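Undergrad: Pasting in a structure now, in structure tokens, and then I'll have a few things to ask.
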Amino acid sequence: MAVLQLVGIAFVTAVAAILLKETKPEIAFAVTIAGGIILLLFVFDLFRDSISIFGDIAAKTGIDEIFLKILLKMVGIGYLVEFSSGILADFGQNSLADKLTFCGKVIILILALPIFEQVLALISDLLGLIQ
């Protein structure tokens with residue numbers, strides 16, 4: 001199972017970082033970053049195999065693929081910012097982590113504007129049909 005592999009990688013990384021933290025803190029930092037990157041690459045590989053499903057959903061529902069791409073970008077940015085923010089917090093940079101999270105939310109809001117515009121147009125069309 002993929003989840004068990006992810007958990008295993010995370011625990012091995014954590015134990016290695018804890019053991020190295022006493023003697024070589026700079027290497028512990030590098031081990032933590034490397035473990036995080038390995039986790040991300042593993043998940044991206046799993047996700048890449050599933051990406052065609054989103055195209056199928058768009059084709060079956062008639063949703064424009066542009067909106068689906070925007071949605072996937074928003075989710076990806078959210079996960080990446082959360083992951084990066086967690087790493088910053090782990091190393092005592094809570095203020096910077098909070099600012100990164102805020103910036104990520106602003107970027108997601110900006111990306112969502114075309115979707116909001118489309119939803120408002122749809123509501124407007126529906127209201128026009130009701131009257």
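Undergrad: Kindly check whether there is at least one residue in the stretch 59-73 that is over 30 Å from F116 (Cα atoms), of a type outside the set (D, E) and in a helix (DSSP H, G or I).
TA: Within the stretch 59-73 (the criterion being over 30 Å from F116 (Cα atoms), of a type outside the set (D, E) and in a helix (DSSP H, G or I)), the answer is no, since none of the residues qualifies.
Undergrad: Every residue in the stretch 94-131 that is at pLDDT below 90 and polar (S, T, N, Q), please.
TA: Result: Q118, S124, Q131.
Undergrad: When you look at A112, is it over 25 Å from E26 (Cβ atoms) and surrounded by 13 or more Cβ atoms within 10 Å (Cβ to Cβ), yes or no?
TA: It is true that A112 is over 25 Å from E26 (Cβ atoms) and surrounded by 13 or more Cβ atoms within 10 Å (Cβ to Cβ).
Undergrad: Here is a further query. For V81, only one of the following conditions fails: (1) over 18 Å from the mean Cα position of the chain (by Cα); (2) surrounded by 14 or more Cβ atoms within 10 Å (Cβ to Cβ); (3) under 27 Å from A2 (Cβ atoms). What is its number?
TA: (1)
Undergrad: Pairs needed: first member in the stretch 113-126, of a type in the set (A, V, I, L, M, F, W, C); second member anywhere, surrounded by 10 or more Cβ atoms within 10 Å (Cβ to Cβ); C-beta distance under 6 Å; at least 6 residues apart or different chains.
TA: So the pair list comes out as I115/F67.
Undergrad: Same structure, new question: Among what's in the stretch 1-47 and is charged (D, E, K, R) and in a helix (DSSP H, G or I), pick the residue that is nearest to G78 (Cα to Cα).
TA: My answer is D45.
Undergrad: Only one of F29, F44, F11 is at pLDDT 90 or above and closer than 19 Å to F83 by Cα. Can you tell me which?
TA: Of F29, F44, F11, the one residue that is at pLDDT 90 or above and closer than 19 Å to F83 by Cα is F11.
Undergrad: I would also like to ask the following. Among G128, G86, G62, which is the only one that is on the phi > 0 side of the Ramachandran plot and either loosely packed, with under 14 Cβ neighbours inside 10 Å or of a type outside the set (K, R) (or both)?
TA: The unique qualifying residue is G62.
Undergrad: For the stretch 91-110, give me each residue that is aromatic (F, W, Y) and under 15 Å from the mean Cα position of the chain (by Cα).
TA: F102
Undergrad: Within the stretch 1-55, how many residues are among the aromatic types (F, W, Y) and free of Cβ contacts under 8 Å to residues at least 12 places away in the same chain?
TA: Here the count works out to 3.
The values are calculated or read from the model by the stated rules, or taken from the named source; none is laboratory data. The structure presented is a predicted model; accordingly, all values stated were derived computationally and were not measured. Reconstructed Cβ throughout: ideal geometry from the backbone, glycine too, with neighbour counts over all protein chains shown.
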